[in-house]
2 protein chains.
Amino acid sequence: MKTHMGRLEKSNLSDDVTERLVEMIRSGVYQPGDRLPAIMEMARSFGVGHPTLREALKKLEAIGIVEIKHGSGVYVKGGQDVLLVSNPVYGKAISKKLMIDLIDARIPIEVKAVGLAATEGTDAQLEGLKHLLEEAEANMDNDVVLSATNMSFHREIAVASGNAVLAQLQEVLTNLFQLEQRMILGIYGSREGDHKEHVGILEALQQRDAELAESRMQSHLEGVRDVLRRWDPKQNPIS
Amino acid sequence: MKTHMGRLEKSNLSDDVTERLVEMIRSGVYQPGDRLPAIMEMARSFGVGHPTLREALKKLEAIGIVEIKHGSGVYVKGGQDVLLVSNPVYGKAISKKLMIDLIDARIPIEVKAVGLAATEGTDAQLEGLKHLLEEAEANMDNDVVLSATNMSFHREIAVASGNAVLAQLQEVLTNLFQLEQRMILGIYGSREGDHKEHVGILEALQQRDAELAESRMQSHLEGVRDVLRRWDPKQNPIS
DNA sequence: TGCTTCGACTGATAATATCAATTTAGAGAG
DNA sequence: CTCTCTAAATTGATATTATCAGTCGAAGCA
């Protein structure tokens with residue numbers, strides 16, 4: 001075990017630098033969107049070689065905290081107010097069971113969130129949900145926009161719940177396998193049916209009826225679950 | 001945009017190598033526990049310099065897929081199925097509302113998980129839960145061990161649910177503000193009361209009664225919520 | 001047989017040089 | 001004056017070489 005000061009718990013220089021950068025971002029020295037000093041400059045000020053500094057940055061990039069742009073600079077991406085981040089490099093094949101597990105996990109979270117949104121959501125938030133549904137309706141033929149809008153609808157409900165943890169869980173779960181979810185729902189789902197259910201959920205929210213909102217969200221997501229169950233990975237493989 | 005074959009979607013060599021290594025692990029060329037070839041050897045066979053290879057490995061290390069041991073080698077760790085991680089640069093102060101939000105988010109997740117565990121859990125898994133409760137009972141005076149054991153109890157229930165997403169959500173939520181949760185429950189909670197409730201939950205699981213398990217978990221976590229509500233941040237500040 | 005030491009293997013770091021991508025500044029034309 | 005284009009500066013990316021640091025296994029000794 002190393003006994004040098006500052007190296008007590010870490011086994012190498014690049015991980016030390018990683019930690020120091022994490023602490024600087026955590027403490028607010030750098031904010032999301034900020035550009036870090038140039039790599040050579042940071043290497044000098046940390047007193048390490050630039051390959052060591054690059055290794056540290058690659059670690060931070062791997063978990064989404066920074067973004068390294070060739071010729072431009074290194075930018076802070078993650079924020080101090082985010083509790084969870086989704087793993088950018090999922091290393092196993094995506095199975096049907098995993099997709100089912102995902103929707104099974106989303107159901108209790110989103111049912112809870114919509115019930116809270118019915119009582120806690122502000123009028124402005126409900127108005128925002130209404131705009132999203134209007135946008136969805138105007139883009140029934142545009143798969144990309146429609147899918148993104150529908151995901152925003154779910155996400156904004158969680159925000160309207162007023163529960164910070166639920167909102168962030170929703171954010172992370174929405175981002176997981178986003179393309180895959182879109183593909184499956186695109187093949188097997190019904191856009192109009194989805195939209196009608198979303199409208200029904202919004203109406204329950206507008207009536208401030210938590211039980212009705214929960215019931216409708218449950219039905220909606222169970223419908224999504226049924227769609228996912230119909231996915232044939234052999235016939236429509238992902239990636 | 002690069003047009004070289006194999007570089008179409010990636011902007012640099014080290015990220016290419018990262019992807020190739022992930023694919024080798026994903027496809028089973030290397031299994032958890034396997035040792036990868038030496039860094040210099042891999043650099044030669046991938047046709048890159050060794051700092052480039054090291055950058056790729058640092059990325060994989062950052063997300064738990066490999067472990068790099070100085071002087072020993074690089075080992076596959078099995079983190080390739082991690083869906084989400086907690087944010088290392090989270091920097092906001094812990095508030096009472098956040099602790100309440102956290103338990104409010106845990107309730108639907110853990111109620112769902114325990115219901116699934118009642119039907120899906122293996123006998124061996126239920127046996128493991130029983131051992132945990134025995135360990136908890138033997139350590140009622142040891143705050144650290146008791147707290148860790150109780151957290152493992154909750155975590156293993158999520159594992160017994162057979163839902164990979166729920167298990168990982170539980171893992172992450174359990175680890176969030178772990179010390180803080182332990183401190184508050186230590187001041188305001190009842191060890192014996194907690195333990196009795198855990199025993200009741202296990203009995204419901206052993207009876208394979210999903211509804212009873214859910215009901216008991218709900219009551220248990222609402223009790224935890226009540227404890228958290230009694231926390232006075234002014235009188236017992238955290239860190 | 002168990003412990004210690006040494007050598008080989010492996011990872012870690014730095015320096016230097018060169019290449020690649022982006023940004024900025026200046027000049028020229030309309 | 002504004003816009004476009006080009007060149008230079010800045011910044012990131014990679015490779016090579018040399019040296020240092022940690023681990024592991026084998027051999028030797030008690």
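Descriptive notes on the structure:
- Any hit, the stretch A:4-15, residues being more than 10 Å from chain B (Cβ to nearest Cβ), away from DNA strand C (no atom under 16 Å from the Cβ), farther than 27 Å from B:L102 by Cα and at pLDDT below 90: no
- Residue check for A:L169: crowded, with 17+ Cβ neighbours inside 10 Å, within 14 Å of chain B (Cβ to nearest Cβ) and under 26 Å from A:V89 (Cβ atoms): yes
- Residue count for the stretch B:109-124 under the criterion of being touching a Leu at 6+ places or on another chain (Cβ under 9 Å) and either of a type outside the set (A, V, I, L, M) or closer than 11 Å to B:A213 by Cβ (or both): the result is 9.
- B:L126 meets each of the listed conditions (1) farther than 17 Å from B:S219 by Cα; (2) free of Cβ contacts under 8 Å to residues at least 24 places away in the same chain; (3) in a helix (DSSP H, G or I) apart from (2).
- Single match in A:I107, A:I68 (criterion: within 16 Å of DNA strand C (Cβ to nearest atom), surrounded by fewer than 22 Cβ atoms within 10 Å (Cβ to Cβ) and not aromatic (F, W, Y)): A:I68
- Hits in the stretch A:192-214 - residues which are farther than 18 Å from A:R155 by Cα and buried (at least 17 other Cβ atoms within 10 Å of the Cβ): A:L212
- Test: residue in the stretch B:28-51 that is in a helix (DSSP H, G or I), within 11 Å of another protein chain (Cβ to nearest Cβ) and surrounded by fewer than 20 Cβ atoms within 10 Å (Cβ to Cβ): yes
- So B:V224, is it within 25 Å of the chain's Cα centre (by Cα) and either of a type in the set (F, W, Y) or under 27 Å from B:S95 (Cα atoms) (or both): yes
- Cross-chain or 6+ apart pairs with Cβ under 7 Å, the stretch A:41-63 first and touching a residue at least 12 places away in the same chain (Cβ under 8 Å), then among the small types (G, A, S): A:T52/A:S14; A:L53/A:A43; A:E55/A:S14; A:A56/A:S14; A:K59/B:A62; A:A62/B:A62; A:I63/B:A62
Okay, residues lined up against (1) at pLDDT below 95; (2) touching a Cys at 6+ places or on another chain (Cβ under 7 Å); (3) under 29 Å from A:R230 (Cα atoms); (4) assigned to a helix (DSSP H, G or I):
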site	(1), (2), (3), (4)
A:T119	no, no, no, yes
A:L133	no, no, yes, yes
A:M140	yes, no, yes, no
A:L169	yes, no, yes, yes
A:G200	no, no, yes, yes
A:R208	no, no, no, no
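- In the stretch A:73-97, residue nearest to the other protein chains (Cβ to nearest Cβ) [restricted to those that are outside any strand (DSSP E or B), in contact (Cβ under 8 Å) with a residue 12 or more places away in the chain and more than 13 Å from A:V172 (Cβ to Cβ)]: A:Q80
- A:E55 within 12 Å of DNA strand D (Cβ to nearest atom), modelled with pLDDT of 95 or more and surrounded by 20 or more Cβ atoms within 10 Å (Cβ to Cβ): yes
- A:Q178 fulfils the conditions (1) under 18 Å from B:L98 (Cβ atoms); (2) away from every other protein chain (no Cβ under 12 Å) except for a single criterion, (1).
The values are calculated or read from the model by the stated rules, or taken from the named source; none is laboratory data. These figures come from a predicted structure and were not determined experimentally. Heads up, the Cβs are rebuilt from the backbone with ideal geometry, glycines too, and the neighbour counts pull from every protein chain shown.
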